[in-house]
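The values are calculated or read from the model by the stated rules, or taken from the named source; none is laboratory data. Remember, it's a predicted structure, so these values are computed and weren't measured experimentally. FYI the Cβ positions are ideal-geometry reconstructions off the backbone, even for glycines, and counts take in every protein chain you see. All accessible areas refer to the heavy atoms of the entire protein, side chains included, with ligands and DNA or RNA removed. Shrake-Rupley method; radii C 1.70, N 1.55, O 1.52, S 1.80 Å.
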Amino acid sequence: MLEIRRGAPADYPLLMKQVVESFRINTPWHNRFEVNYPDMVRPDAESMAQWRLAFVDGELAGGLILVPRRLKIGATEITFGGIGHVHCWPKFRKEGVFTAIMQRAIQDMEAEGIPLSMLSGDRFRYGHFGWELAGAQREAHIWLRARRFDGPAERPDIAEFREYLGDDEDTAKIMKATEKSVSHPVRSLEETRRVLQCPNRVTYLYDHEGVFAYVTFRGPAILEYGGAVEGVDRILRYALHAADMTVTLPPEEASGELEDLFMKYTQYYVIQTAEQVRVNSLQKTLAAYLPWLEERLQGWTGRRVLAVEDGEKVAIQVADGKVMILPTEEAADLTLSQMDVAPFLLGPSVPTAVRQNHDAFWRIAFPLPFYWPPLTHV
């Protein structure tokens, strides 16, 4: 008998043993999950309740963690469910455990009103359940010498900076600095502290005469940044004297002055997909992006119906510069498979069904900007 339920603190010791051993079958050097991700993998009731655990005849057989996240992209703030640590104990493989826990995660997100979901892993494994590569972001390779025309690039002294060590006041300053960016993850004070203090991360703070900025590094990769442009610039000038670096930037249309600063240091960049995304609710996703749709559809009036095969159907109605997203039973102007919905809404690819549709409306309205914050594991 297969049963799926949320985790509880009592499940923690056995779960930690089984999940890492399941991953070590193909990756013998895999570190323990509670070591790598102490921000989300913890024995307390709140963290354990985010696990969906499968039991076969009372024996733990597999599971996954489903963490609600919030992301701000311009005027849009949207919730997505980050799925990670999906595993099945070898003894129970090929018995439907993986399928059952994935379906449970989808059902829970739909019941809880989580419109989008993201995960990493085998595209073909998760595509069967409706996840597909989607979103777009810029991976920029930044060099100090890219600013050779700006005059001498002296290296700031390390004494200009402090290291973030979890202090409450510093955490609050980081949150305030982050919120000034055009696009950024939305986190609580405690979540901010936990995320920044995960292993192999160093966060530099610039805090002088009312000017505050921070940059988080993992090796030569910049994972997060925020605050005053001049403060971020000082940290960059210090770090880039040691090595060239990479930084992941949101799409250009969802960027601000800090991203402009990074582009001044950029030798080249590549556009890449954010991650594998599943649209759980077409209506809720489109409703969250109303500010973007209203901006793009200025001057356009009409109604289009978008449908998901064997699923939702919504009308996008535009009149007098206002957009409404409405459930409907009308015939669809465009019907997409579950896998095609995410790249259609969020880019960067254009599904076949859209390429074959000659209605310019779809190309005016979509794709909408979406990216994967590098510090967000799931």
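Quick look at the numbers
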quantity	calculated
1 or more residues touching a residue at least 24 places away in the same chain (Cβ under 8 Å) and out of contact with any helix residue (DSSP H, G or I) (no Cβ under 8 Å at 6 or more places or on another chain): qualifying helices (runs of 4 or more DSSP H) within region 1-79	12-24, 33-36
Criterion: in a helix (DSSP H, G or I) and modelled with pLDDT of 95 or more - qualifying residue of Leu261, Leu223	Leu261
Scan of region 179-202 for residues that are closer than 18 Å to Glu259 by Cα and open to solvent by less than 30 Å² (accessible area, probe 1.4 Å), ordered by number	Ser181, Ser183, His184, Pro185
Residue, farthest from Gly210 (Cα to Cα), within region 163-199, restricted to residues that are part of a loop (DSSP other than H, G, I, E, B) and hydroxyl-bearing (Ser, Thr, Tyr)	Ser188
Cross-chain or 6+ apart pairs with Cβ under 6 Å, region 263-282 first and open to solvent by 20 Å² or more (accessible area, probe 1.4 Å), then of a type in the set (A, V, I, L, M) and part of a strand (DSSP E or B)	Thr266/Ala140; Thr266/Ile142; Tyr269/Ala140; Thr273/Leu133; Glu275/Met118
Strands (runs of 3 or more DSSP E) enclosed by region 115-159 - at least 2 residues per element that are under 22 Å from Pro351 (Cβ atoms) and in contact with a Lys or Arg (Cβ under 8 Å, 6 or more places away or on another chain)	116-119, 132-134
Residue list for region 30-59, filter: open to solvent by less than 10 Å² (accessible area, probe 1.4 Å), aliphatic (A, V, I, L, M) and closer than 20 Å to Phe92 by Cβ	Leu53, Ala54
Counted residues, region 22-48 - those being under 18 Å from His377 (Cα atoms) and touching a strand residue (DSSP E or B) at 6+ places or on another chain (Cβ under 7 Å)	3
Qualifying positions in region 338-378 - part of a loop (DSSP other than H, G, I, E, B), touching a helix residue (DSSP H, G or I) at 6+ places or on another chain (Cβ under 8 Å) and either of a type in the set (D, E, K, R) or closer than 16 Å to Ser281 by Cα (or both)	Leu368, Phe370
Filter result for the condition that a residue is open to solvent by 50 Å² or more (accessible area, probe 1.4 Å), farther than 30 Å from Pro199 by Cβ, more than 17 Å from the chain's Cα centre (by Cα) and among the small types (Gly, Ala, Ser), over Gly321, Gly299	Gly299
Scope region 144-171; condition at pLDDT 95 or above, among the hydrophobic types (A, V, I, L, M, F, W, C) and open to solvent by less than 50 Å² (accessible area, probe 1.4 Å); matching residues	Phe161
